[in-house]
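Structure first, then comments.
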Amino acid sequence: MSKRTLGLLVACVLGVAGVGAAQAQSTFRVVMHSDLKIIDPVWTTAYIVRNHGYLIYDTLFSIDGNLQVKPQMVDKWTVSDDKLTWTFTLRDGLEWHDGAPVTSEDVVPSLKRWAVRDPLGQVLWTKVNEIKAVDPKTFQIQLKAPTGIMLEALGKPSSNVPFIMPKRVAETDPFKQFEDTTGSGPFIFVKNEWKPGERTVYARNPKYKPRPEPASALSGGKVAKVDRVEWVAMSDQQTATSALIKGEIDMIESPQHDLFKVMEADKNVKLVNLNKWGLQYVFRFNQLFKPFDNPKIRQAMLYAFNQKDFLDGVIGDAKWYKTCKAMFMCDTPLASFKGFEDKYESNFTRARELLKEGGYDGTPVVLMHSTDLYVLANLAPVAKALLEKAGMKVDMQSMDWQTLVSRRARKDPPDKGGWNAFLTASGALDIVDPLSNAYINAAGDKGWFGWPKDDELMRLRAAFADEPDPAKRKELAIAMQVRVSENPTHAFLGQWYNPVALRKNITGNLESPVTIFWNIEKK
C-alpha cells in the first residue's frame, strides 16, 4: 500500500470518527417563545434576553423553588451592627469564559450598570453611599440608611437581572448595547453560529464550577448535562408542534393551548408545567383622561369584571388556569384576598352604582385590542362585553401587539391617537414583589404606562423597601393591595399556566419561573 493510499485511508477513518464524535454530542433543540436579536440583558427587559443571560452569566444571589433568596456567586457575607455596611466574599473557582478569574473589580461596575436601568436597582441605589472592591474576592456596599431589600435586589430573578459581567463589559454605557458576550455561567454563547431568525447556539462550559447544593429553580448547583443548546427559530406553532412530534426538536417553551390535545395524543410528547406560579392577566387603566381619571369609575371595573370569562376566552381548559383574587398572585408568600373579597364577580348592579357616583357621562372607552398574540387576542372582546353590560360605551380598536406597545407610550388624548385601556400579561416573578410590580408603581409620569399617581401607595411601597421584618413586610403588602382596591391602578384577571412541551426522552427539567437549561438530560 502506497503512502498516499494509506494517507487517504487514515483521512477517511478520521473523518468518519469525527462525524461519530459530532453525533455523540448531546444537543438540546428548543423552540423558544421569541427569537434572540438583542444580547444585552441590562439594556432590555425582554424575557428572551433574560433567558439568554441565565445561560451565560451568573448572579451573586438567586431564588430557590420557594422564592427564597440563596447565595450563588457569593460564598459568605456579613452585616455591620448598624446595618449600614454589607461585606460580601465571592466563592472559589469563579472564572470567565476566556479563562480570567472573576473578581470584585467585575462585580462593582456590573451592579452599577444594572442599577441605572432596573427599577428595584434604582430603589436600592437611593440607599447606597458607596460600593467598592476591598480585595479580589471581597466587595463592600455601604448604605446611607438601613434597607430590607439588599439580598432581594441582588438576587432579583427577572428582568432586569443583576448578572455579573467582566469589568470591560460592565463599564459600557447602560443606554448602549454591548457586543462582548463573555460570561462565567454554565454555557458559552457560540456567537459565530448565531443567526437571528434561524438559530442561537450555546456550548457547555467545561470549566464551570457548580455550587455543591442540589439545584433548586435558579439556585444551587448549575450542572450542564447537555453539550449544546440550540434555540431553533419557528414562528408558526403548528410547524413547531409537527417538528416536536417528529423528533426534530426536543422542546417548545411556550406551546399554544389549543394545540395541547394534539401533543398529548402523541406517545413521545409530554406537557410539563415548570412554573407553578404561572402568569397573570392585567387590565390597565390610563388615568390621565376621562373616564378612568376617576377612582369610582375604576372601582366599577373591579365589580363588572369576572376572571373566569377572561381565562375561558383564551386558555379554555381549567386545568391550566386559576381564578385568584390575590394581587401578588396565589400560592406566593404575599398572597391575600383582602380588599377584593366582593370583587371580580360581575356584580353589574354595584358597577352601575359606582359609574353613577363617579359621574360617568357616556364617554367612550378607547380599548386597544392586540390581535396577533394568541394569549392576548381574545381578552379585549371579553372586556368590551363586560364593560358594556355595566353601562359603558366601548370603542375597541384592533392592532398588532407591536403597534399597541408603541401606542401605549403615548400620552395623547384617546380621541387624538391615545388610549383609555389595554390588556396584557406578566409572569409571576414580575408580580409577586411590590417593588418589582410595575402596575403599582404609582409615581405619575415616572410610573408605567397608565401613569397612576397615588402618594399613599408610594408611601407604603417605600416603607416595604425599608422594612426588614418579613411579617411586617407582609402587612405592608396587604395594605398596598387594600389601597389598590380603593384607588385602582389596574385590574388583575386571573392566573394561568403555560407548560413546556417536551419529548419524553428529556428529563431533569427543574421547576422554575424562568426557563433554564442546566440539569437537563437527553437520553
* Are any residues in segment 51-67 within 17 Å of residue 152 (Cβ to Cβ) and part of a loop (DSSP other than H, G, I, E, B), and if so, which ones? -> 60, 64, 65, 66, 67
* To do: Return yes or no: is residue 161 of a type in the set (Val, Ile, Thr), closer than 25 Å to residue 427 by Cα and part of a loop (DSSP other than H, G, I, E, B)?
  => yes
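Only one residue in 76, 83, 70 is crowded, with 18+ Cβ neighbours inside 10 Å, out of contact with any helix residue (DSSP H, G or I) (no Cβ under 7 Å at 6 or more places or on another chain) and not in a helix (DSSP H, G or I). Which one?
Working: 76 fails: crowded, with 18+ Cβ neighbours inside 10 Å; 83 fails: crowded, with 18+ Cβ neighbours inside 10 Å.
Unique residue meeting the criteria: 70.
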* **Qualifying positions in segment 431-458 - over 17 Å from residue 478 (Cα atoms) and not aromatic (Phe, Trp, Tyr)** => 443, 444, 445, 446, 447, 450, 452, 453
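Which one is surrounded by the fewest Cβ atoms within 10 Å (Cβ to Cβ) among residues in segment 225-242 that are in a loop (DSSP other than H, G, I, E, B) and hydrophobic (A, V, I, L, M, F, W, C)?
If we filter segment 225-242 for residues that are in a loop (DSSP other than H, G, I, E, B), which is where we start, we get 225-227, 233-236.
Then keep just the ones that are hydrophobic (A, V, I, L, M, F, W, C); that gives 226, 233-234.
Working: 226: 24, 233: 16, 234: 19.
Only one residue tops the list, namely 233.
Matching residues to (1) under 30 Å from residue 128 (Cβ atoms); (2) buried (at least 19 other Cβ atoms within 10 Å of the Cβ); (3) among the β-branched types (Val, Ile, Thr); (4) modelled with pLDDT of 90 or more:
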residue	(1), (2), (3), (4)
352	no, no, no, yes
355	no, yes, no, yes
363	no, no, yes, yes
374	no, no, no, no
411	no, no, no, yes
439	yes, yes, no, yes
442	yes, yes, no, yes
464	yes, yes, no, yes
468	yes, no, no, no
* **Of residues in segment 209-224 being touching a Gly at 6+ places or on another chain (Cβ under 7 Å) and surrounded by fewer than 18 Cβ atoms within 10 Å (Cβ to Cβ), the one nearest to residue 51 (Cα to Cα)** => 210
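Quick one: which of 197, 185 is small (Gly, Ala, Ser), within 21 Å of residue 39 (Cα to Cα) and at pLDDT below 95?
Values: 185 fails: at pLDDT below 95.
Result: 197 is the single residue among 197, 185 that is small (Gly, Ala, Ser), within 21 Å of residue 39 (Cα to Cα) and at pLDDT below 95.
Here is a yes/no grid of residues against (1) of a type outside the set (A, V, I, L, M, F, W, C); (2) within 26 Å of residue 239 (Cβ to Cβ):
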| residue | (1), (2) |
| --- | --- |
| 263 | no, yes |
| 269 | no, yes |
| 273 | yes, yes |
| 276 | yes, no |
| 305 | no, no |
| 315 | no, yes |
| 342 | yes, no |
| 350 | yes, no |
| 353 | yes, no |
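Restricting the search to segment 141-150, which residues are outside any loop (DSSP other than H, G, I, E, B) and crowded, with 19+ Cβ neighbours inside 10 Å?
Applying the first criterion (outside any loop (DSSP other than H, G, I, E, B)) to segment 141-150 yields 141-143, 150.
Within segment 141-150, 141, 143, 150 meet the criteria.
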* To do: Give segment 486-516 a look and list any residue that's within 17 Å of residue 434 (Cβ to Cβ) and part of a strand (DSSP E or B), or say none.
  => 490, 492
* **Output for segment 253-272, where each listed residue is buried (at least 17 other Cβ atoms within 10 Å of the Cβ) and among the polar types (S, T, N, Q)** => 254, 256
* Structure fact -> Residue pairs qualifying under the 9 Å Cβ cut-off, at least six apart or on distinct chains, with the first in segment 442-459 being under 13 Å from residue 484 (Cβ atoms) and in contact (Cβ under 8 Å) with a residue 60 or more places away in the chain and the second being among the basic types (Lys, Arg) and outside any helix (DSSP H, G or I), are 450/284; 450/408
* Asked: Name the pairs whose Cβ atoms lie under 7 Å apart, with the first residue in segment 503-523 and under 12 Å from residue 54 (Cβ atoms), the second of a type in the set (Gly, Ala, Ser) and in a loop (DSSP other than H, G, I, E, B), and 6 or more positions between them or separate chains?
  -> 510/215; 510/217; 512/217; 514/158; 518/215; 518/224
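Would segment 414-425 turn up any residue that is assigned to a loop (DSSP other than H, G, I, E, B), touching a residue at least 24 places away in the same chain (Cβ under 8 Å) and either among the aliphatic types (A, V, I, L, M) or over 14 Å from residue 288 (Cβ atoms) (or both)? Before the answer, list the steps.
Taking segment 414-425 as the starting set, the residues that turn out to be assigned to a loop (DSSP other than H, G, I, E, B) are 417-420.
After this cut, where a residue has to be touching a residue at least 24 places away in the same chain (Cβ under 8 Å) as well, the list is 418-420.
Okay, now just the ones that are also either among the aliphatic types (A, V, I, L, M) or over 14 Å from residue 288 (Cβ atoms) (or both), so none.
Scanning segment 414-425, I find no residue that is assigned to a loop (DSSP other than H, G, I, E, B), touching a residue at least 24 places away in the same chain (Cβ under 8 Å) and either among the aliphatic types (A, V, I, L, M) or over 14 Å from residue 288 (Cβ atoms) (or both), so the answer is no.
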* Of all residues in segment 135-165, how many are among the basic types (Lys, Arg) and more than 27 Å from residue 66 (Cα to Cα)? -> 2
* Asked: If we scan segment 215-231, do we find a residue that is farther than 29 Å from residue 161 by Cα and either among the aromatic types (Phe, Trp, Tyr) or modelled with pLDDT of 95 or more (or both)?
  -> no
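Of the residues that sit in segment 31-59 and are among the aliphatic types (A, V, I, L, M) and crowded, with 22+ Cβ neighbours inside 10 Å, which one is farthest from residue 245 (Cα to Cα)?
Taking segment 31-59 and keeping what is among the aliphatic types (A, V, I, L, M), we get 31-32, 36, 38-39, 42, 46, 48-49, 55-56.
In the following step, the residues that additionally are crowded, with 22+ Cβ neighbours inside 10 Å were identified as 31, 42, 55-56.
Working: 31: 13, 42: 36, 55: 26, 56: 29 Å.
Checking each candidate, the answer is 42.
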* Structure fact -> Within segment 472-523, residues surrounded by fewer than 21 Cβ atoms within 10 Å (Cβ to Cβ), more than 28 Å from residue 338 (Cα to Cα) and of a type in the set (Gly, Ala, Ser) come out as 508
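Please go through segment 122-140 and pick out each residue that is closer than 19 Å to residue 166 by Cα and surrounded by 15 or more Cβ atoms within 10 Å (Cβ to Cβ). Step through it out loud before you land on a result.
Residues of segment 122-140 that are closer than 19 Å to residue 166 by Cα, as a first pass: 131-140.
131, 133, 137, 138, 139, 140, listed by residue number.
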* To do: Name the single residue, out of those in segment 376-408 being among the polar types (S, T, N, Q) and either surrounded by 15 or more Cβ atoms within 10 Å (Cβ to Cβ) or modelled with pLDDT of 95 or more (or both), that is farthest from residue 308 (Cα to Cα).
  => 403
* Of residues in segment 86-121 being closer than 23 Å to residue 172 by Cα and of a type in the set (Lys, Arg), the one surrounded by the fewest Cβ atoms within 10 Å (Cβ to Cβ) -> 112
* In segment 86-111, which residues are among the small types (Gly, Ala, Ser) and either in contact with a helix residue (DSSP H, G or I) (Cβ under 6 Å, 6 or more places away or on another chain) or in a loop (DSSP other than H, G, I, E, B) (or both)? -> 93, 99, 100, 110
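Can you tell me which residues in segment 264-301 are of a type in the set (D, E, K, R) and at pLDDT 95 or above? Talk me through it step by step, then tell me what you get.
Just the residues of segment 264-301 that are of a type in the set (D, E, K, R), to begin with: 264, 266-267, 270, 276, 284, 290, 293, 296, 298.
Residues satisfying the conditions are 266, 267, 270, 284, 290, 293, 296, 298.
The values are calculated or read from the model by the stated rules, or taken from the named source; none is laboratory data. Everything quoted here is computed from the prediction, not taken from an experiment. Neighbour counts are summed over all protein chains in view; Cβ atoms, including those assigned to glycine, are modelled from backbone coordinates with ideal geometry.
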